[in-house]
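Heads up, the thing below is written out as structure tokens.
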Amino acid sequence: MHWVPVAALSDNYIWLVADDEGNAFVVDPGEAAPVEAALKERGWRLTAILLTHHHNDHIGGVSDLVRHHDVEVYAPADPRIQPKNQIVEDGDTFTLDAPKASFEVIAVPGHTTSHIAYYGEGFLFCGDTLFSVGCGRLFEGTPEQMLASLDRFAELPPETLVCCAHEYTASNVRFALAVDPDNGALRHRRDEVARLRQEGRPSVPTRLADEFATNPFLRVDSEAIARWLHIQGQDHATRTERFAALRRAKDTFSA
């Protein structure tokens, strides 16, 4: 598989994946024009669209793409997502014919109530649930839901490529270092991201194993987070309370 994170809007990535014959699917096309340009540049043919949730920066280009390509549109059963012709839900598996690719659907409520992720072929297309060194804001769901969603990713192979939908890594790293300043892997990630961005390259995808070494929202059970919570006066917080405290702190963080 050949994959391209197509930059769109202010900081979105639209994931475009193709086989050697140029058959391609796209994930969360918030805009049509960058996708069309990427397809034309590479001579690829679009055959499918995968959608994770209803926010317009993830579905805004779908109608135009459907008008110009013969595609199947996979999406959760959310009436706010249109058009779609293949409704998928937690536990479903499906296979695209071209490119030949199989995916498992994982329900990951938190950012929105109907958010799903797609896992397969070594990729995790997680929308706005998981970011590199961060996670999505809780616009509709609860801390309990989001933590449970992130816990489900822990069951996936560590070499899985996390294909998230925004270039948020640099700001996420700054927050993570404020919480976990002695984390050597996190300092390495900071330097790596600075180099990639200076070169004009995306900071994603990232390996799931690296996220578990650096992402505070995946490390709520670590001693580092316990030390941070002690400073906050929350020594006896539950896992959910620890996660919620991190999310609140990130929501108001500035550095």
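Taken together, the values in this text are just the output of simple stated rules run on the coordinates, not laboratory data. Everything quoted here is computed from the prediction, not taken from an experiment. Here Cβ is always computed from backbone atoms with ideal geometry, including for glycine, and neighbour counts include all displayed protein chains.
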Of all the strands (runs of 3 or more DSSP E) wholly in the stretch 69-122, which have at least 2 residues that are of a type in the set (Val, Ile, Thr)?
93-96, 101-107
Can you find even one residue in the stretch 143-152 that is assigned to a loop (DSSP other than H, G, I, E, B) and within 14 Å of the chain's Cα centre (by Cα)?
no
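With hydrophobic (A, V, I, L, M, F, W, C) and more than 19 Å from Glu121 (Cβ to Cβ) as the only criterion, which of Val62, Val17, Val88 stands out?
Working: Val17 fails: more than 19 Å from Glu121 (Cβ to Cβ); Val88 fails: more than 19 Å from Glu121 (Cβ to Cβ).
Result of the check over Val62, Val17, Val88: Val62.
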Of all residues in the stretch 79-114, how many are crowded, with 19+ Cβ neighbours inside 10 Å and hydroxyl-bearing (Ser, Thr, Tyr)?
2
Specify the residue that is nearest to Pro216 (Cα to Cα); the eligible residues are those in the stretch 107-136 that are over 12 Å from the mean Cα position of the chain (by Cα) and not hydroxyl-bearing (Ser, Thr, Tyr).
Gly110
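Among Asp191, Asp221, Asp251, which is surrounded by fewer than 15 Cβ atoms within 10 Å (Cβ to Cβ), closer than 17 Å to Asp128 by Cβ and within 22 Å of the chain's Cα centre (by Cα)? Before the answer, list the steps.
Numbers: Asp191 fails: closer than 17 Å to Asp128 by Cβ; Asp221 fails: closer than 17 Å to Asp128 by Cβ.
Only one candidate passes the filter, namely Asp251.
Yes/no matrix, rows are residues, columns are (1) in contact with a strand residue (DSSP E or B) (Cβ under 6 Å, 6 or more places away or on another chain); (2) on the phi > 0 side of the Ramachandran plot; (3) not polar (S, T, N, Q):
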{"residue": "Ala38", "(1), (2), (3)": "yes, no, yes"}
{"residue": "Thr47", "(1), (2), (3)": "yes, no, no"}
{"residue": "His53", "(1), (2), (3)": "yes, no, yes"}
{"residue": "Ser63", "(1), (2), (3)": "no, no, no"}
{"residue": "Arg67", "(1), (2), (3)": "no, no, yes"}
{"residue": "Glu72", "(1), (2), (3)": "yes, no, yes"}
{"residue": "Thr112", "(1), (2), (3)": "no, no, no"}
{"residue": "Tyr119", "(1), (2), (3)": "yes, no, yes"}
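Report, by residue number, each residue of the stretch 11-20 that is under 16 Å from the mean Cα position of the chain (by Cα) and not in a strand (DSSP E or B). Steps first, answer last, please.
The initial filter retains those residues of the stretch 11-20 that are under 16 Å from the mean Cα position of the chain (by Cα), namely 11-17.
Result: Asp11, single match.
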Flagged in the stretch 51-68 as surrounded by fewer than 20 Cβ atoms within 10 Å (Cβ to Cβ), in a loop (DSSP other than H, G, I, E, B) and more than 15 Å from the chain's Cα centre (by Cα), in numbering order, are Gly60
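For the stretch 177-192, enumerate the residues that are of a type outside the set (Val, Ile, Thr) and either in contact (Cβ under 8 Å) with a residue 60 or more places away in the chain or touching a Pro at 6+ places or on another chain (Cβ under 8 Å) (or both). Quick ask: steps written out before the conclusion?
Keep residues of the stretch 177-192 that are of a type outside the set (Val, Ile, Thr), which gives 177-178, 180-192.
Residues satisfying the conditions are Ala178, Asp180.
Just give me the residues in the stretch 69-78 being more than 22 Å from the chain's Cα centre (by Cα) and surrounded by 13 or more Cβ atoms within 10 Å (Cβ to Cβ), in sequence order.
Looking only at the stretch 69-78, we keep the residues that are more than 22 Å from the chain's Cα centre (by Cα), and these are 69-71.
Residues satisfying the conditions are His69, Val71.
Checking the structure you have, find out if any residue of the stretch 28-50 is part of a strand (DSSP E or B) and of a type in the set (Phe, Trp, Tyr).
Going residue by residue through the stretch 28-50, those that are part of a strand (DSSP E or B) are 45-50.
Those still in the list that are of a type in the set (Phe, Trp, Tyr) too: none.
No, there is no match, as no residue in the stretch 28-50 is part of a strand (DSSP E or B) and of a type in the set (Phe, Trp, Tyr).
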Are any residues in the stretch 202-247 free of Cβ contacts under 8 Å to residues at least 24 places away in the same chain, in a helix (DSSP H, G or I) and either of a type in the set (A, V, I, L, M) or within 21 Å of Cys164 (Cβ to Cβ) (or both), and if so, which ones?
Ala226, Leu229, Ile231, Ala245
Can you name the condition, by its number, that Cys135 falls short on among (1) touching a strand residue (DSSP E or B) at 6+ places or on another chain (Cβ under 9 Å); (2) crowded, with 22+ Cβ neighbours inside 10 Å?
(1)
